[in-house]
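What follows is a short report on a single structure.
The values are calculated or read from the model by the stated rules, or taken from the named source; none is laboratory data. Please read all numbers here as calculations on a predicted model, not as lab measurements. We place every Cβ from the backbone using ideal geometry, glycine too, and count neighbours over all the protein chains shown.
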Amino acid sequence: MSRPEVVSGPHDATGRPLTGSKRSIDDEGGGSSSAPPSKRAERCDSCSPLSESSEERARSERHYMVRADDKFDCERYNVVKQLGKGTFGRVVEMWDEQERKSVAVKVVRAVDKYHREAEIESEILLEVQSGCSTELPIGHLLRTFASHGHFCLVFDKLGPSLYHALRSIRRDAERAAARKGARDHHEKKPLHAGRFFSLAQIARVARDCFRALAHLHSKRLAHTDLKPENILFAAPGRADTLSGGAGVVLIDFGGSTWEHEHHSSVVCTRQYRPPEVTLGCGWDESVDLWSMGCILAELWTGGVLFSTHDEVEHLALMERSLGSLPPGLVRRASGRKVEKNFRHGVLRWPDRAYDRDSEAHVRNQPRLKDALRGEPHIAPLRWSAQLDSFHHLVWRLLEYEPEDRLSAADALRQTFVRGGDAPPEPAPVPNLDSSSASRSNPRQP
């Protein structure tokens, strides 16, 4: 396999960020949010048009201002439209005059810090791609170049993200429900588990993601920021037209961390962050498996499994769904977090709740199995063998102790992912009736 062409640029004067993270996490850091959890922020559409004030801010932050028909790299690339945006810069669809095809170009902000971070990402991708098939479900870096003062990374043009697919499914279903409600003069019913991705579709997504992660982890590399926004369909097309036959690929390796590198204390976007990171216990590539458990559950239920922006509320939601945090994990937590959030090894909840809305939010959090089963007062799902194997997979991915979590290679052998008929091994279920229960004291569902 040929290596992508890479154009090097000037290094950031400070080198790698002191925290060891190559780019900021989409969260407010390791502590609690300054806003109450009742005011939970929604993820915004990365392709929404810029307001006048936003455009002025983008210019001041040295983003590339997208203009159709702009030329890049000695007129090899012709700008078509913006595909996405972020702190790093813009993702732009361009026409490659040399290869005669559309490509996605990550145009990085003209700032030394982001230039260097993009170089690091390209170096990571070069190493990940070396000696492996182009069919590996990872966003394929074609080449890099510098143009108009911006460092640019060229990728194959992919389809929409899982996040946009979920949003599209929800929007279409809500419109259909609204039309039906108007005809029947009934109140619109909320969507529930089983109305989003099918189990067959989720199995295909899981298979591709675990294949990619098994390759990354074999190279001792952790992705550290898996979320629906960073998993894209391999085939271009509208989010609402892609079916279970469409494969997916992982993207955004700007925060990936090698085993031998300094590990930032905060990785993973809040809602997909495992407990060992929140508790400051240290982490390894198993953080990616926890994130995958959250993502797969979200594809089935249509909602974020742990919907929060607050550290303590996040832990309380985990305990509500999965049982109490194991004493060993709490003992390994950083002293400051233990003193602030625990008493005698037990989470200080609801003592540490922001307000009654936060308490109610945690109280309404269902057990994992109940979340996958769907709303009992709306349309509870029949607990089939396939749904049971799915629950088993997600449960094993959401083990509190990193060493107990499935590896990516082990996940590929699970019944649900393989699509086989063999029953999974029994999954322990915690005693959720006692605040002092541990996952080491299971009970049957």
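Data for the structure
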| quantity | calculated |
| --- | --- |
| Members of the stretch 163-192 found to be modelled with pLDDT of 85 or more and among the small types (Gly, Ala, Ser), listed by number | ALA165, SER168 |
| Whichever residue in the stretch 86-122 is assigned to a strand (DSSP E or B) and either outside the structural domain of ARG62 (by TED's automatic domain parsing) or among the acidic types (Asp, Glu) (or both) and, among such residues, is farthest from LEU142 (Cα to Cα) | GLU93 |
| Residues within the stretch 375-427 that are among the hydrophobic types (A, V, I, L, M, F, W, C) and at pLDDT below 90, tallied | 6 |
| Some residue of the stretch 293-314 being farther than 22 Å from LYS219 by Cβ, out of contact with any helix residue (DSSP H, G or I) (no Cβ under 8 Å at 6 or more places or on another chain) and assigned by TED's automatic domain parsing to the domain that holds PHE416 | yes |
| Positions within the stretch 63-77 being surrounded by 15 or more Cβ atoms within 10 Å (Cβ to Cβ) and not acidic (Asp, Glu), in sequence order | HIS63, TYR64, VAL66, PHE72, ARG76, TYR77 |
| Among residues of the stretch 142-181, those that are without any contact (Cβ under 8 Å) to a residue 24 or more places away in the chain and in a strand (DSSP E or B), counted | 0 |
| Considering residues of the stretch 323-344 that are in a helix (DSSP H, G or I) and in contact with a strand residue (DSSP E or B) (Cβ under 8 Å, 6 or more places away or on another chain) only, the residue farthest from VAL277 (Cα to Cα) | ASN341 |
| Index of the failed condition, PRO228 passing every other in (1) closer than 12 Å to LEU162 by Cβ; (2) out of contact with any strand residue (DSSP E or B) (no Cβ under 8 Å at 6 or more places or on another chain); (3) buried (at least 21 other Cβ atoms within 10 Å of the Cβ) | (2) |
| Selection within the stretch 48-67 - more than 17 Å from CYS152 (Cα to Cα), among the aliphatic types (A, V, I, L, M) and either in contact (Cβ under 8 Å) with a residue 24 or more places away in the chain or assigned to a loop (DSSP other than H, G, I, E, B) (or both) | LEU50 |
| Subset of the stretch 79-100 [closer than 13 Å to LEU158 by Cβ and out of contact with any Lys or Arg (no Cβ under 6 Å at 6 or more places or on another chain)] | LEU83, GLY84 |
| Test: residue in the stretch 152-159 that is over 20 Å from LEU250 (Cβ atoms), surrounded by 14 or more Cβ atoms within 10 Å (Cβ to Cβ) and modelled with pLDDT of 95 or more | yes |
| VAL330 among the β-branched types (Val, Ile, Thr), touching a residue at least 40 places away in the same chain (Cβ under 8 Å) and more than 21 Å from HIS361 (Cβ to Cβ) | yes |
| Those residues of the stretch 98-123 which are buried (at least 18 other Cβ atoms within 10 Å of the Cβ) and among the basic types (Lys, Arg), in sequence order | LYS106, ARG109, ARG116 |
| Every residue from the stretch 193-204 that is at pLDDT below 90 and surrounded by fewer than 20 Cβ atoms within 10 Å (Cβ to Cβ) | GLY194, ARG195 |
| Qualifying positions in the stretch 286-307 - of a type in the set (Ser, Thr, Tyr) and buried (at least 24 other Cβ atoms within 10 Å of the Cβ) | SER291 |
| Matching residues, the stretch 257-274, being surrounded by fewer than 24 Cβ atoms within 10 Å (Cβ to Cβ) and in contact with a Pro (Cβ under 9 Å, 6 or more places away or on another chain) | SER264 |
| Residues located in the stretch 127-146, provided they are touching a Cys at 6+ places or on another chain (Cβ under 8 Å) and either buried (at least 22 other Cβ atoms within 10 Å of the Cβ) or farther than 17 Å from PHE253 by Cα (or both) | THR144, PHE145, ALA146 |
| Answer from GLY282, GLY303 - the residue that is at positive phi and either assigned to a loop (DSSP other than H, G, I, E, B) or without any contact (Cβ under 8 Å) to a residue 40 or more places away in the chain (or both) | GLY282 |
